[in-house]
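Trainee: Questions regarding the structure given below will be posed in turn.
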Amino acid sequence: MTENEKQRDELLLAAARECKEDESRKDTVMSELITRYVNIIVIKANKMARGFSRLNRQDAEDFISEGFLALLSAIRTFDESKGSFSAYANACIDNRMKNALGKARRTLFFTEEFDPALIKEQSPGADEIIIEKENREELLKKISRVLSDREYKVFEMYLNSFSYRQIAARLGISIKSVDNSLSRARAKLKAVHN
């Protein structure tokens, strides 16, 4: 969309908001604004439906409906001080369609593909969980022999999904020290592995 088209969108939006009493003028302006986004919505909807092969033409039409609802919401909630209407409208359309796609996927999963027996077959048994835990503990013991105390503590916390900032706060060290400890730990473990 060119700069002139973006400005045109914002002029139409301002005109639609100004003519609150003149409903026929407001409808005309809104129609023109919506017409400018029809092709964008249809293209995005078809792309979204094609991207998920189980969806059919009916689902593409659902995405088109979601796109129009998103556009109307964007028209109603747009704040001129936050940027261009075109970018805002496109983001609203994309987000609404992505949410609809997620809902469609969940619906398909639970209606067509959901087989409780598969979950049971794929779930690890109690013995597998115990063996995995023992293997992890054995591996951590081997790692602790290679790394210094600080490197090991930092490495273990990192494996347990602590952020650099959280590790630094817990151990009373700087974030840079956390990064250095992890770098040394990786280098040592790589050398042992090779």
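The values are calculated or read from the model by the stated rules, or taken from the named source; none is laboratory data. Here the structure is a predicted model, which is why all the values come from computation and not from measurement. Here Cβ is always computed from backbone atoms with ideal geometry, including for glycine, and neighbour counts include all displayed protein chains. All accessible areas refer to the heavy atoms of the entire protein, side chains included, with ligands and DNA or RNA removed. Shrake-Rupley method; radii C 1.70, N 1.55, O 1.52, S 1.80 Å.
Trainee: For Lys190, only one of the following conditions fails: (1) at pLDDT 90 or above; (2) exposed (fewer than 12 other Cβ atoms within 10 Å of the Cβ). What is its number?
Mentor: (1)
Trainee: Applying the selection to the range 161-194, what residues are over 18 Å from Leu147 (Cα atoms) and not in a helix (DSSP H, G or I)?
Mentor: Result: Ser161, Phe162, Ser163, Gly172, Ser174.
Trainee: Quick check on my filter: what residues within the range 12-25 are closer than 19 Å to Glu80 by Cα and not aliphatic (A, V, I, L, M)?
Mentor: Arg17, Glu18, Cys19, Lys20
Trainee: Oh, and also: For Ile43, which of the numbered conditions (1) open to solvent by 70 Å² or more (accessible area, probe 1.4 Å); (2) at pLDDT below 85 fails to hold?
Mentor: With respect to (1) open to solvent by 70 Å² or more (accessible area, probe 1.4 Å); (2) at pLDDT below 85, Ile43 is out only on (2).
Trainee: For the range 20-31, which positions are assigned to a helix (DSSP H, G or I) and either of a type in the set (Val, Ile, Thr) or open to solvent by 70 Å² or more (accessible area, probe 1.4 Å) (or both)?
Mentor: Within the range 20-31, Glu23, Ser24, Arg25, Asp27, Thr28, Val29 qualify.
Trainee: Is it the case that Arg106 is modelled with pLDDT of 70 or more and either crowded, with 18+ Cβ neighbours inside 10 Å or over 25 Å from Glu10 (Cβ atoms) (or both)?
Mentor: The answer is no for Arg106.
Trainee: Could you list, in sequence order, all residues of the range 123-153 that are modelled with pLDDT of 70 or more and not in a helix (DSSP H, G or I)?
Mentor: The answer is Leu147, Ser148.
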